[in-house]
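Coordinate-derived values only; no laboratory data. Keep in mind it's a predicted model, so treat the numbers as computed, not measured. Here Cβ is always computed from backbone atoms with ideal geometry, including for glycine, and neighbour counts include all displayed protein chains.
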Amino acid sequence: MSANLSSRITRFGTFEVNLHTGELRQRGQKVKLQEQPLQVLAALLERPGELVTREELRSKLWQADTFVDFDHSLNAAIKRLRDALGESAETPIFVETVARRGYRFIAPVDGYSPPSAIAAVPERSRSSFLRPWVTIAFLSALVIAVLVWALWRHPSRRTEVIERKLTANSSENSVSSAAISPDRRYLAYADNTGIFLKLIRTGEAHPLPLPPDFSARVDDWFPDGSHVLVSRAEQE
């Protein structure tokens, strides 16, 4: 980072860091951060949006003749930095891990968005939005094609309705109830004189025997067509 940049406050998100005094603050409150994590943050802020390799961080944090478990120490410094920034490696907001290579600062710095962050967001958004629409368009086209094929193979036929009078009752002795058998062969109906069973094909009708003073109405046929269900009409 240049001398001018390092002497002023750098802001990102709700944080601001003064690299000259070595202070990290969030919304004005000082955040405790050790020296090595602060140096890592300074190195990342020098090149926002760019990859800073692990070897580069090693040269900044430790001298060449320093004997230290570099990988463990750097991992620990990155973890302490993430803890201070309130993020995790799985869901990075500021520091992105580039596997086996290094780290990248991905948040906007002083209102300036890193190029990598600008390019990545629209790409993810475009793919996430396009994928469902492509699927919907494909399924819609498939449904339309199936409907067109079905209409072509099976054109609609006009249903012819045939009306046929099955009884010859007068208006004075009208049919009060009726039901056709499941096999469509018989008509059971009731009028003022009783209940009748009529063979539809020939028109032959026979009265059904009922007890004396038994006035009834036809309700329905049994599913096997062998019996007629009637209900007695109560007299006042």
Item checked: Residues of type aspartates and glutamates that LYS60 reaches as a straight line, Cα spacing below 18 Å, ignoring anything fewer than 8 places off in the same chain -> GLU35, GLU46, GLU50, ASP69, ASP71
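Would you please report the Å³ per residue occupied by the convex hull of the alpha carbon atoms in segment 146-236?
Convex hull of Cα atoms, per residue: 178 Å³.
Mind checking the dipole of segment 140-236: about its Cα centre, +1 per Lys or Arg Cβ, -1 per Asp or Glu Cβ, Debye to the nearest 20? Before the final figure, lay out each step's value.
On the way: 11 positive and 12 negative charges, 158 e Å.
So the magnitude is around 760 debye.
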Check: In the neighborhood of ASN18, defined by Cβ-to-Cβ distances under 12 Å, what is the net charge if each Lys or Arg adds +1 and each Asp or Glu adds -1?
Finding: +2
